[in-house]
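Each reported figure results from applying straightforward, stated rules to the coordinates on display, with no laboratory input. Because the structure is a prediction, the values reported are computed rather than measured. Here the Cβ positions follow ideal geometry from the backbone for every residue, glycine too, while neighbour counts run over all protein chains shown.
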Amino acid sequence: MVFLAMNHHKHQIYYRNICFLVTLASTAIISSSAFATSRAEMVAPNHRIDRSIAPSSKLYPTQPQRPTAPQQLAQSSDVAGNWAEPFIKVLVEKGIIAGYPDGTFRPDQPVTRAEFAALLTKAFSLEPTRAARAFSDVSPQLWAAPAIEKAYRSGFLAGYPNNTFAPNQTIVRIESLVAIANGSKLQANSAAAPKIDELFTDAAQVPNYGRDALIAATQKCVTVSVSYPDGKTFNPTGAATRADVAAFIHQALVASGQIAALASDSPAQKYIVNCAAAPSVANITEQDVLNRVGVGNLPSVSTTTIVRKAPNRPVSGLTTPSGFGANWGTIFIGSGYQDSLAPNPWLGSPLSTPLLINTAGFGLGAGFGIGNSRDLVGLETSYSTFSNGGGPDGSTPLGLFDRGAVNFKLHKQFGDNLAIAAGWENAIKHGYAGNDQTVRNTFYGVVTGVLPVSDTNNFTASVGIGNGRFRQIADIVADRDKTAFFGSLGFRISDNIGIVTDYNGRNFSVGLPLNFRLSDNIGVQITPAILDVAGDKISGEVSRFGLGGGVGIRF
């Protein structure tokens with residue numbers, strides 16, 4: 001009876017390893033993708049947006065009036081003589097911006113963030129460089145939702161830390177210029193960079209996140225201010241008007257060589273900050289000629305190669321949990337296989353012949369996330385089940401879903417590289433009867449930190465404490481409620497390959513997580529592993545092969 005009880009507990013250990021190899025292989029995908037996405041969301045793309053500089057929100061209609069045809073602008077009484085008229089006329093001729101049905105352009109009207117996103121999609125080729133993000137205040141029915149998604153994915157615009165985009169909020173001048181400078185990849189020449197204090201009398205009002213972009217934009221003749229050359233103020237926190245945005249976009253297109261510069265005698269030249277006037281004759285393109293004769297725009301071929309860097313994802317443990325977890329809008333499903341043991345003598349067994357210990361099994365796991373670990377806290381819920389073929393030692397064969405358990409994990413993320421979690425495994429069980437009731441609930445706490453080494457390499461370390469499945473074998477056999485420390489250490493070798501070793505309170509395992517992205521919202525992880533390499537093992541036991549894999553989807 002003692003032998004059978006010990007063997008029963010022994011199988012519990014191995015089968016729980018299958019379940020959590022399955023669950024952790026799946027949650028590693030979600031944890032990694034959620035971590036990477038949240039990093040990208042906070043930065044746009046070089047600086048974090050400081051919402052404190054934004055003016056109080058002024059709401060405008062969510063659906064702007066339909067613009068007029070370009071030729072109607074000629075009759076717009078509010079454009080003739082306006083300081084930005086030369087910039088506006090060029091963009092209207094090219095179909096980038098338009099007036100309103102009543103024959104006005106409204107150059108002094110503030111631009112909302114949604115309207116600005118729509119203008120960006122018209123003016124620039126917005127190639128995606130990061131995954132999409134579902135903002136809480138941007139419904140799919142919003143007229144500007146597609147434009148907001150394109151502007152975000154291309155790196156021109158970013159959201160706020162509380163997962164909002166504020167589509168109806170007026171965009172300020174420095175935000176609009178930073179978006180255009182960063183999205184257009186304008187880089188400042190530090191050796192020749194002018195000092196902001198020398199350019200603008202209100203330089204102290206320029207937020208830190210906008211200083212480099214403002215210098216780069218000025219060097220490329222993109223910075224435009226109606227106060228030049230007399231007042232020399234930029235008014236960074238003032239509302240960006242339709243005239244302001246038209247001038248910024250016009251100059252960014254000039255800087256990239258897509259349109260000609262204004263004529264040297266244009267009255268608008270004086271508003272371009274710290275930039276010598278350039279004659280337009282030498283910059284007339286074939287497209288400009290075609291536009292003037294009414295042919296329209298020719299198809300353009302982009303020669304820019306977009307390099308999509310994989311995010312610096314953490315490397316999760318094999319049989320141990322991570323501090324990162326799934327948030328709202330993410331689901332995962334995974335499976336795992338654990339090889340059987342070779343014939344081994346059981347020391348202390350009354351049997352005189354070697355005992356076949358068959359622990360081969362197959363497991364399934366699935367789960368989803370609730371909440372947001374960055375804003376408040378996330379809850380990851382998962383279900384795991386497994387099967388095995390039994391064996392001549394008296395163990396009972398199990399089929400999938402004959403028994404299983406629901407598990408919960410609360411997790412909180414602090415910044416980009418630190419997360420904590422508390423979990424309850426086997427919270428809700430089914431199929432456990434008789435001596436199976438000795439399977440205890442498992443409670444644990446864990447903290448995970450990431451140390452980036454480069455754009456694609458990092459060290460990931462986790463340490464935690466728990467009871468239940470994290471106990472020593474002697475405590476499991478004696479059914480003692482003890483706690484033990486566990487942890488993992490991983491290194492991301494490349495975008496798609498990592499290596500990890502973990503200690504589950506008894507023994508060590510090693511694995512090679514392989515990550516693949518099927519799309520911006522779908523990730524796959526496959527993890528071959530060697531389980532129970534060293535540690536608290538029953539005499540005669542050998543290490544086992546394990547294979548876990550899963551798919552994570554973010555909606």
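Quote the FRET efficiency, to the nearest 0.05, computed for GLU198 versus VAL510 with a Förster distance R0 of 56 Å and r equal to the Cβ-Cβ distance.
Numbers: r = 58 Å, r/R0 = 1.04.
Efficiency for this residue pair is about 0.45.
Using label points projected 7 Å from each Cα along Cα→Cβ, tell me how many nm separate ILE465 and LYS185, to one decimal.
5.1 nm
Just to confirm a number: summing +1 for Lys and Arg and -1 for Asp and Glu over residues other than LYS409 whose beta-carbon lies under 9 angstrom from that of LYS409, what do you get?
Details: positive: none; negative: GLU380, GLU425.
Computed value for this residue: -2.
Need one word for region 87-193: rounded, prolate or oblate. Basis is the Cα gyration tensor (sqrt eigenvalues a ≥ b ≥ c); a/c below 1.5 gives rounded, then a/b vs b/c decides.
Numbers: a/c = 1.66, a/b = 1.05, b/c = 1.57.
Oblate.
Points 7 angstrom from Cα along the Cβ direction at ASP102 and SER494: gap in nanometres?
According to this spin-label approximation, the distance is 6.1 nm.
For a protection proxy built on the mean count of beta-carbon atoms within 10 angstrom, sort 489-496, 139-146, 210-217 highest first, please. Don't skip to the end; give the middle numbers.
Working: 489-496: 17.9, 139-146: 14.0, 210-217: 23.9.
Most protected by this proxy first, the peptides run 210-217, 489-496, 139-146.
In terms of the Cα gyration tensor, with a ≥ b ≥ c the square roots of its eigenvalues, is region 481-538 rounded because a/c is under 1.5, prolate because a/b exceeds b/c, or oblate?
Numbers: a/c = 2.87, a/b = 2.30, b/c = 1.25.
It is prolate, given that a/c is not under 1.5 and a/b is the larger ratio.
Can you run phi through the Karplus equation (6.51, -1.76, 1.60; θ = phi - 60°) for region 255-263 and list ³J(HN,Hα) in whole Hz, with x for Gly and Pro?
4, 8, x, 8, 9, 7, 6, 4, 4
Please give me the summed charge of the neighbours of ILE370: other residues whose Cβ is under 15 Å from its Cβ, Lys and Arg +1, Asp and Glu -1.
Working: positive: ARG374, LYS409, LYS412, ARG554; negative: ASP375, GLU380.
Around ILE370, the surrounding residues sum to +2.
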